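Asks: Structure provided below as C-alpha cells; questions to follow.
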Amino acid sequence: MAYYSMFTRDAERFEFNVTHTDLSPLGAAALAGTTFPIDRERTAQLMGFAKPYSNSLDAVSDRDFILEFLANSSILMMHMSRLCEEIINWCSREYQFVTLSDTFSTGSSIMPQKKNPDMAELIRGKSGRVYGNLVGLLTVMKSLPLAYNKDLQEDKEGMFDTAETITVALDILAGMLSSMTVNDKHMAESTEKDFSNATELADYLAAKGLPFREAHEIVGKLVLECTKAGHYLQDIPLERYQEISDLIEEDIYVALQSKTAVERRNSLGGTGFNQVKWQIEIAKAELSN
C-alpha cells in the first residue's frame, strides 16, 4: 500500500503534466507571432488543444512540458526501482519471502541452482537511463537564450526513449507482481526469531508507568543478554523478567507476539491489519473511479 501511494502520486503528476502539454504553439511563427490575421484561439480549438500559448517567444522555446515528463518519469522509475530492489531481496535464498515466475527469471550462467530476478534488475538499471535523459535535456536548456535554437533538436530522442522505457517497465513490473508467489507462512515465521519486538517490551513498560528512557535502557540490556545466550525476548522466563521489573506480568508474552505488535499499529495509515484493509478498500474505490 505504500507503493500504491507512490504510484498514485506518479499518476497525478503525469495528469498535471498534460495541462502544460495541452497548449497550441500555432501562430507563434519563428518567434514573434505572425502578421497574418489568424484566430489562434480558433486554431487551438480545431486541433484539440485546451488553449494557445499566451506568449510567442515562450511558445517557440518552451520545453518545460518535456522536462516535466522526464522528471515525472524519473520519479516513477525511482519508485519502480525501489520496489524491484525489495523483490530482489525478497526472492533471495536469505529471505525466501516470494518466488518469481520463471517467465520473469533466468537461470544463472554458472550456478545451476540459481534463479536470477533479471527483470527486476533490468527495471532497476533502466532508472539510470531515464535519469540521464532528464539531466541531458536540462543541460541543453540551461543556457539557451530566447527563442528557438538548433540545440532544441536534442529534445526528442530522450523523450521518446523515456516513454518507451517506462511503458515497457510498467508492463513487466505488473506481470512480475501478478504472477509471483507470496510465501506468507515463511514470512510469518521470520518474525518470530528476531528482536523486532524489543520496542513492544519498551512500550509495555512505558504503558505501566515507567519513563520510556528507562524502559529503553532496560530492553537494550536484555537484548544484549539474549544475544549472548542465543535466545530471544519471548524465551526469557517470567521470573527473570520480574527480577528486572515488577511491572512485568504474564501478559508480556502476548505483547511480544508479532501478530500483537502488528495489530497495535492501528493508527491512521498504520500497518495494523484493520488499517491496511481500510487502505485497500479506499484504493479499490479510487481505482474503480
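Asks: I need the full set of residues from the range 234-289 which are outside any helix (DSSP H, G or I) and among the β-branched types (Val, Ile, Thr), in order please.
Replies: Ile236, Ile248, Thr271, listed by residue number.
Asks: Please go through the range 65-118 and pick out each residue that is farther than 25 Å from Glu189 by Cα, of a type in the set (Val, Ile, Thr) and part of a helix (DSSP H, G or I).
Replies: Ile66, Ile75, Thr103 - these are the residues of the range 65-118 that are farther than 25 Å from Glu189 by Cα, of a type in the set (Val, Ile, Thr) and part of a helix (DSSP H, G or I).
Asks: Restricting the range 119-146 to residues that are in a loop (DSSP other than H, G, I, E, B) and not charged (D, E, K, R), which is surrounded by the fewest Cβ atoms within 10 Å (Cβ to Cβ)?
Replies: Ranking the candidates gives Pro145 first.
Asks: In the set Ile87, Ile75, which member is more than 30 Å from Leu138 (Cα to Cα) and not polar (S, T, N, Q)?
Replies: The unique qualifying residue is Ile87.
Asks: Exactly one condition in (1) without any contact (Cβ under 8 Å) to a residue 12 or more places away in the chain; (2) within 21 Å of His186 (Cα to Cα); (3) surrounded by 13 or more Cβ atoms within 10 Å (Cβ to Cβ); (4) out of contact with any Ser or Thr (no Cβ under 7 Å at 6 or more places or on another chain) is false for Val262; which is it?
Replies: For Val262, the exception is condition (4).
Asks: I'd like to check something: does the range 174-186 contain any residue that is among the aliphatic types (A, V, I, L, M), within 30 Å of Cys226 (Cα to Cα) and surrounded by 15 or more Cβ atoms within 10 Å (Cβ to Cβ)?
Replies: no
The rows are residues; the columns are (1) farther than 30 Å from Asn183 by Cα; (2) surrounded by 13 or more Cβ atoms within 10 Å (Cβ to Cβ).
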residue	(1), (2)
Met1	no, yes
Arg42	yes, no
Met47	yes, no
Asp62	yes, yes
Met78	no, yes
Arg93	no, no
Thr103	no, no
Gly107	no, yes
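Asks: Another question, then. Please work out which one of (1) in contact (Cβ under 8 Å) with a residue 24 or more places away in the chain; (2) of a type in the set (Ser, Thr, Tyr); (3) under 30 Å from Glu12 (Cα atoms) is the condition Ser245 fails and give its number.
Replies: Exception for Ser245: condition (3).
Asks: I would also like to ask the following. Output the residues belonging to the range 84-98 that are touching a Lys or Arg at 6+ places or on another chain (Cβ under 9 Å) and at pLDDT 95 or above.
Replies: Once the filter is applied, which keeps residues that are touching a Lys or Arg at 6+ places or on another chain (Cβ under 9 Å) and at pLDDT 95 or above, the range 84-98 yields Cys84, Glu85, Ile88.
Asks: Let me ask something additional. Right, Asp171: closer than 30 Å to Val130 by Cα and outside any loop (DSSP other than H, G, I, E, B) or not?
Replies: Taking the combined requirement at face value, the residue satisfies it.
The values are calculated or read from the model by the stated rules, or taken from the named source; none is laboratory data. These figures come from a predicted structure and were not determined experimentally. Positions of Cβ are backbone-derived with ideal geometry, glycine not excepted, and every protein chain shown enters the neighbour counts.
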